[in-house]
1. Mind listing the long-range amide H neighbours of V104? Cut-off is under 5 Å, sequence gap 5 or more, other chains count too, H placed in the peptide plane at 1.01 Å from N.
2. When the Cα centres of the range 72-123 and the range 165-195 are compared, how far apart do they sit, in Å?
3. So if we plug the beta-carbon distance of M197 and R159 into 1/(1 + (r/R0)^6) with R0 = 45 Å, what FRET efficiency do we get, rounded to 0.05?
4. Residue by residue, what Karplus-based ³J(HN,Hα) values in Hz, rounded to whole numbers, does the range 443-459 have, using 6.51, -1.76 and 1.60 with θ = phi - 60° and x for Gly and Pro?
5. Return the sequence-ordered ³J(HN,Hα) values of the range 258-271 in whole Hz as given by the Karplus equation 6.51 cos²θ - 1.76 cosθ + 1.60 applied to θ = phi - 60°, using x for Gly and Pro.
6. Which three extents, in angstrom, do the Cα atoms of the range 105-203 have along their principal axes, listed largest first?
7. Whose amide H sits under 5 Å from the amide H of V342, counting only residues 5 or more places off or on another chain, with H placed in the peptide plane?
8. Ordering K371, K255 by accessible area with a probe of 1.4 Å, largest first, what comes out?
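The values are calculated or read from the model by the stated rules, or taken from the named source; none is laboratory data. This is a predicted model, so every value here is computed, not measured. For neighbour counting, all protein chains shown are included, and Cβ atoms are generated from backbone atoms with ideal geometry for every residue, glycine included. Surface areas here come from the heavy atoms of the whole protein model, side chains and all, with no ligands, DNA or RNA. Shrake-Rupley method; radii C 1.70, N 1.55, O 1.52, S 1.80 Å.
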Amino acid sequence: MQSAATHLLPNLFRTTAFKLTAVYLVIFALFAGFVLGYVAWNAKRLLDDQIRSTIDAEIQGLAEQQRQGGIRRLVNIIERRSRGPGASLYLVTTPVGDRLAGNVEAVPPGALDRPGESEIEYARSADAVDTPSRAIVRVFVLPAGFRLLVGRDVEERERLGVVIRRAAGWSLLLVFVLGCFASWFVARRVLKRVDGMTDTAQSIMAGDLKGRLSISGTGDELDRLALNLNAMLDRIGELMAGMQQVSDNIAHDLKTPLTRLRNRAEEALRTAKSPDELRAALDGSIDEADNLIRVFNALLMIARLETGRIQDSMDTLDLSEIVSGMAELYEPLAEEAGLSLVTEVAPELHVSGNRELLGQALANLIDNALKYGQPVEAGAATVVVSAAPVGSEIELVVADHGPGVPEADRGRVLERFVRLDQSRSKPGFGLGLALAAGVVRLHGGQLRLEDNAPGLRVVISLPQVQPKPVDMHEGGALPASTAQPNPAGLQSA
């Protein structure tokens, strides 16, 4: 227990929560001290002003009495007032300083020689000379050189100052104790959650990839951090699972073409008896190698799309031109497949993106539709490519009337190397839809598969943007270009 506490305290003192709370404590203590000091100063000033006002009023009244009745009348009044209780002080002296009347026994030397207001020490009796009190007094010179001293004791002011200082001390002490406790409580609570996150992170680094940071449910900054980190861990887990799946798929799906390539070369070595036969074997091997190169190029492209490393090549594009040009490019292939390619494209559909990538994604979708869009029964042998604005987005649709994709498999076919059973008789490696989905994600859009009743309807939603103004001084807009189709077979069902 002692070892754990010894280890916990240094960690508490190093936490940001403890440091921030300590800083807030110091700031609050300084502010509280300033407020209490300001209150004490104003209270002292208010009492002093009241004392001065009282002294001035008494001096004016006594001076009037002296003018009316002379020094004797003034002495009588001072004697009468001096016998009454209270904090008022009176003293009348001769020009040479001899005491005539009053309740003040001793004042500092020279105090009566300085007319006006001052704060002095005094004694009411001879016994109190050793323990003088303080007072605010005013000395008034009477006719014939007599001196009149009127003042008030400041004991009440001193008592108020003591009360305020004592209250300030206890308040600051209470603030310090409560602040230290609050710092310890907050830092301990935060440190406990951070230690939990650290333990989870260490377990994840040790190989437990299913571990996730705990959520307290308060919605504070640590909860938001944990939610984002958990989302990041989920994404990392998905990517690692995808890499593992890709590795497995590469091992299985590419094993066949590599084996076929090796067998063809081996057969050529064993059976070829003329240069023409060797040339034919080499041509077949080159075709197989080209297919493998296309597969790896597609994998590299998908990896680049997932890392988002081509954002700098984005520009404002007219999607209408890309769709129209791609549809025109595929019309001959559609006729060869016995299908009719119908285009329905609205004008001026502007998006922010990469022309080649969008063209490649659309080429993959059209090629898929031409491969697998043959109607199962008698029906419309058409493939429809349409693009139109829908709210703030643009929807690009490629629809066919083929067998379609079962709803349970629509999420799975967007993964790499996934091919359904009915499509394995057609050429391809199951990368086309994965590449198209990666392109759409890179452009901030969504790709979804829907039922075309019958057939498959692939919908791409992309954010619509305003076109950039054309600078005619630079020669106007650049001519549009489209990506070339890839009929060799990177598309998937």
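1. For V104, the qualifying residues are Y90.
2. Comparing the Cα centres of the range 72-123 and the range 165-195, I get a distance of 54 Å.
3. The value I calculate is 0.20.
4. Those phi angles translate into 8, x, x, 9, 10, 9, 9, 10, 7, 9, 6, x, x, 10, 10, 9, 10 Hz.
5. Result, rounded to whole Hz: 5, 5, 5, 5, 5, 5, 5, 5, 5, 5, 5, 5, 7, 10.
6. Projected onto the principal axes, the Cα atoms of the range 105-203 cover 100, 28, 18 Å.
7. V383, V384, V385
8. Most to least solvent-accessible, the answer reads K255, K371.
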